[in-house]
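Written below as structure tokens is the structure these notes are about.
The values are calculated or read from the model by the stated rules, or taken from the named source; none is laboratory data. Keep in mind that this is a model prediction, so the values were computed, not measured. All Cβ positions, even for glycine, are placed from backbone atoms using ideal geometry, and neighbour counts span all protein chains on display.
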Amino acid sequence: MGKIRRIVIVGPAYPLRGGISHFNESFCLELNQKGIDAEIVSFYLQYPAVFFPGKSQFEAAEREVKVSVHPDLSSVNPASWRRAAERIRALKPDVVVIRFWLPFMGISLGSLARLLRKRGIPVVGLVDNAVPHEKRPFDRSFSGWFFRHCDAFVALSQRVADDLNRLAPGKPVHIHPHPIYDIFGAPVKREEACAELNLDPAEKYVLFFGFVRRYKGLDLLIRAFADPRLRASGAKLIVAGEFYDDKKPYDDLVLEAGLEDFVEFRDRYIPTARVRHYFCCASIVAQPYRDATQSGVTQIAYQFGRPMLVTDVGGLAEIVPHGKAGFVTAPEPGAIADALARFFEQDLEAEFSAEAERRKEVFSWDHFTREFLKFAEQIHG
């Protein structure tokens, strides 16, 4: 690929858990497979415990990691930023990719970017969210510090690109959709998946997957399930993921609507080895978000050929073709209920699944990495 021979990715990686860690590892592995010497500089302290809403930042299960990971960074220790900069400088990268997803990380990652650029190392910000879903004081200042010290950006949706063009005008922005995750293993038969999860394979399941935050709209989906058409369809809702919000309001919604037999909470972090079972038992994957840029959940659904319901917010509608691989609806219970009722009444699972399978190549890691390297060549000069 020309001048780019060595890349450092800065961001979370195993044993830190979550979709961004999975992404960074897959990206690094694909770069290595293309002959690029790529490594990850990760965190030994990502979030101080007082700022972390979940139960643990780390994966409980051990798993093989096929890339080189250096846990050098603390988000709150400036000495670690200097040490990480020296580590990266010693690796002699042609370009550094810094993953950015939250304003809180702006000071540490922006300071690291500043140190690297002082040493003549180009920095590309790979940005999940330029504007956070949940607003807090100083968001703009923290994010702006990071944006100021990047040479260019990769955005995973048009919405993020538009935000970057507004917040960091004049800097190059490359847009590419979030690739399909490839670390969760091969699909399994529905019967096997249900057996692993103690679910009845004769039932129809709508899957809500991932951390629960208000902006993800789980309450809208629960309200939609109160629709008599969904009760008549026999569909059940499986909520698989740890609550980062207070769970009680969601429990209350279920009780108020009499949905105890139609909604099941699996309130815990889903380990990597179990992800495929949840997706392979689902008839459709629902993302009823109030706000979004893009989502890794959509790409996991594509990996396993699952139909999707997404709301028309942020970049979600860019990824799911309405009426082909799923439905795009307004973020309100009636519209969500209409789409799910149509899905089950018209028995659209096989048709939508086939389209999801056909669209996989557009989101391959091979395509993402090739396009990134072309962009990096321009930044490297």
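Per-structure values
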read-out: Answer from Gly125, Gly106, Gly120 - the residue that is in a helix (DSSP H, G or I) and assigned by TED's automatic domain parsing to the domain that holds Gly11; value: Gly106
read-out: Which numbered condition Tyr278 fails, given (1) within 15 Å of the chain's Cα centre (by Cα); (2) buried (at least 23 other Cβ atoms within 10 Å of the Cβ); value: (1)
read-out: Top-ranked residue in the range 27-44 [being within 20 Å of the chain's Cα centre (by Cα) and not in a strand (DSSP E or B); ranked as surrounded by the fewest Cβ atoms within 10 Å (Cβ to Cβ)]; value: Leu29
read-out: Total residues in the range 133-168, condition of a type in the set (S, T, N, Q) and farther than 20 Å from Leu112 by Cα; value: 3
read-out: Selection within the range 275-327 - charged (D, E, K, R) and either touching a residue at least 40 places away in the same chain (Cβ under 8 Å) or over 27 Å from Lys135 (Cα atoms) (or both); value: Arg276, Arg290, Asp291, Arg306, Glu318, Lys324
read-out: Residue in the range 348-356 that is under 19 Å from His176 (Cα atoms) and surrounded by 15 or more Cβ atoms within 10 Å (Cβ to Cβ) present; value: yes
read-out: Per-region count, the range 245-285, residues touching a Gly at 6+ places or on another chain (Cβ under 9 Å) and of a type in the set (Ser, Thr, Tyr); value: 2
read-out: Residue in the range 148-156 that is assigned to a helix (DSSP H, G or I), buried (at least 17 other Cβ atoms within 10 Å of the Cβ) and at pLDDT 90 or above present; value: no
read-out: Residue list for the range 211-245, filter: in a strand (DSSP E or B) and either modelled with pLDDT of 95 or more or under 23 Å from Ala341 (Cα atoms) (or both); value: Ala235, Lys236, Leu237, Ile238, Val239, Ala240
read-out: Any hit, the range 294-312, residues being under 21 Å from the mean Cα position of the chain (by Cα), modelled with pLDDT under 95 and surrounded by fewer than 19 Cβ atoms within 10 Å (Cβ to Cβ); value: yes
read-out: Residue list for the range 328-347, filter: part of a helix (DSSP H, G or I) and either surrounded by fewer than 15 Cβ atoms within 10 Å (Cβ to Cβ) or touching a Leu at 6+ places or on another chain (Cβ under 7 Å) (or both); value: Pro333, Gly334, Ile336, Ala337, Ala339, Leu340, Ala341, Arg342, Glu345
read-out: Neighbours by Cβ (under 7 Å, 6+ apart or cross-chain): first from the range 117-135, closer than 20 Å to Ile20 by Cα; second at pLDDT 90 or above and of a type in the set (Gly, Ala, Ser); value: Val123/Ala113; Val124/Ala152; Val124/Ala376; Val127/Ala155; Ala130/Ser143
read-out: Check on Ile98, in the same structural domain as Glu39 (by TED's automatic domain parsing), buried (at least 19 other Cβ atoms within 10 Å of the Cβ) and over 20 Å from the mean Cα position of the chain (by Cα); value: no
read-out: Contacts under 6 angstrom Cβ, first residue in the range 2-23 being under 23 Å from His380 (Cα atoms), partner among the small types (Gly, Ala, Ser) and in a helix (DSSP H, G or I), 6 or more apart; value: Ile4/Ala376
read-out: The range 183-210, residues that are hydrophobic (A, V, I, L, M, F, W, C) and assigned to a helix (DSSP H, G or I); value: Ala193, Cys194, Ala195, Leu197
read-out: Candidates Ile98, Ile36, Ile20, filtered to the one that is at pLDDT 95 or above, of a type in the set (Val, Ile, Thr) and closer than 21 Å to Ser143 by Cβ; value: Ile98
read-out: Helices (runs of 4 or more DSSP H) (entirely within the range 252-327) containing at least 2 residues that are over 21 Å from Ala195 (Cβ atoms) and β-branched (Val, Ile, Thr); value: 296-303
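Residues are listed down the side, and each one gets a yes or a no for (1) touching a helix residue (DSSP H, G or I) at 6+ places or on another chain (Cβ under 9 Å); (2) assigned by TED's automatic domain parsing to the domain that holds Gly323; (3) closer than 19 Å to Leu220 by Cβ:
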| position | (1), (2), (3) |
| --- | --- |
| Asp246 | no, yes, yes |
| Pro271 | no, yes, no |
| Phe304 | yes, yes, no |
| Pro307 | yes, yes, yes |
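Per-residue answers, yes or no, for (1) assigned by TED's automatic domain parsing to the domain that holds Phe279; (2) surrounded by fewer than 23 Cβ atoms within 10 Å (Cβ to Cβ); (3) over 30 Å from Leu309 (Cα atoms):
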site	(1), (2), (3)
Asn129	no, yes, no
Phe142	no, yes, yes
Ala161	no, yes, no
Glu196	yes, yes, no
Pro201	yes, yes, no
Phe211	yes, yes, no
Lys216	yes, no, no
Ala226	yes, yes, no
